[in-house]
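Reviewing the structure listed below.
The values are calculated or read from the model by the stated rules, or taken from the named source; none is laboratory data. No experiment lies behind these values; they were computed from the predicted model shown. No Cβ is skipped: glycine too gets one built from the backbone with ideal geometry, and neighbour counts run over all protein chains shown.
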Amino acid sequence: MRITCHVTPKAKANRVTPVNSRRFRVATTAPADNNKANIATEKLLAQYFGVKRSEVFLLSGRTSRMKVFEVLL
């Protein structure tokens, strides 16, 4: 399933908030440097969907706040 996420790095708390079935807002405490926020977002999405982190792939938006992920359910 492909989902679109608006990611907020350096937030006060980690949080995944659904906007609709394929759009999410993700807040992570990780900073945006050295891919740390992307990795943290993958972990949060894997936990939210109940899958392994290896089943969550970043498809586009590596340096953008708007990202597209593929989640294997």
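Checking each residue in region 4-26 for being under 16 Å from S64 (Cβ atoms) and in contact with a strand residue (DSSP E or B) (Cβ under 6 Å, 6 or more places away or on another chain) picks out T4, C5, H6, V7, T8, R23, F24, R25, V26.
Residues in region 55-73 that are among the charged types (D, E, K, R) and touching a helix residue (DSSP H, G or I) at 6+ places or on another chain (Cβ under 8 Å) were compared, and the one that is surrounded by the fewest Cβ atoms within 10 Å (Cβ to Cβ) is R62. Scanning region 1-55 for residues that are among the β-branched types (V, I, T) and touching a Phe, Trp or Tyr at 6+ places or on another chain (Cβ under 7 Å) turns up I3, V16, T17. Selection of region 1-15 for residues being among the hydrophobic types (A, V, I, L, M, F, W, C) and either crowded, with 16+ Cβ neighbours inside 10 Å or without any contact (Cβ under 8 Å) to a residue 12 or more places away in the chain (or both) yields I3, C5, V7.
The single residue among P18, P31 that is touching a Pro at 6+ places or on another chain (Cβ under 9 Å) and either exposed (fewer than 15 other Cβ atoms within 10 Å of the Cβ) or not small (G, A, S) (or both) turns out to be P31. Has region 38-49 got any residue that is modelled with pLDDT of 95 or more and not in a helix (DSSP H, G or I)? No: zero hits.
Residue count for region 44-54 satisfying the condition of being exposed (fewer than 15 other Cβ atoms within 10 Å of the Cβ) and of a type outside the set (S, T, N, Q): 4. Counting only residues that are β-branched (V, I, T) and part of a strand (DSSP E or B), how many does region 50-73 have? Residues in region 50-73 being β-branched (V, I, T) and part of a strand (DSSP E or B): 3 in total.
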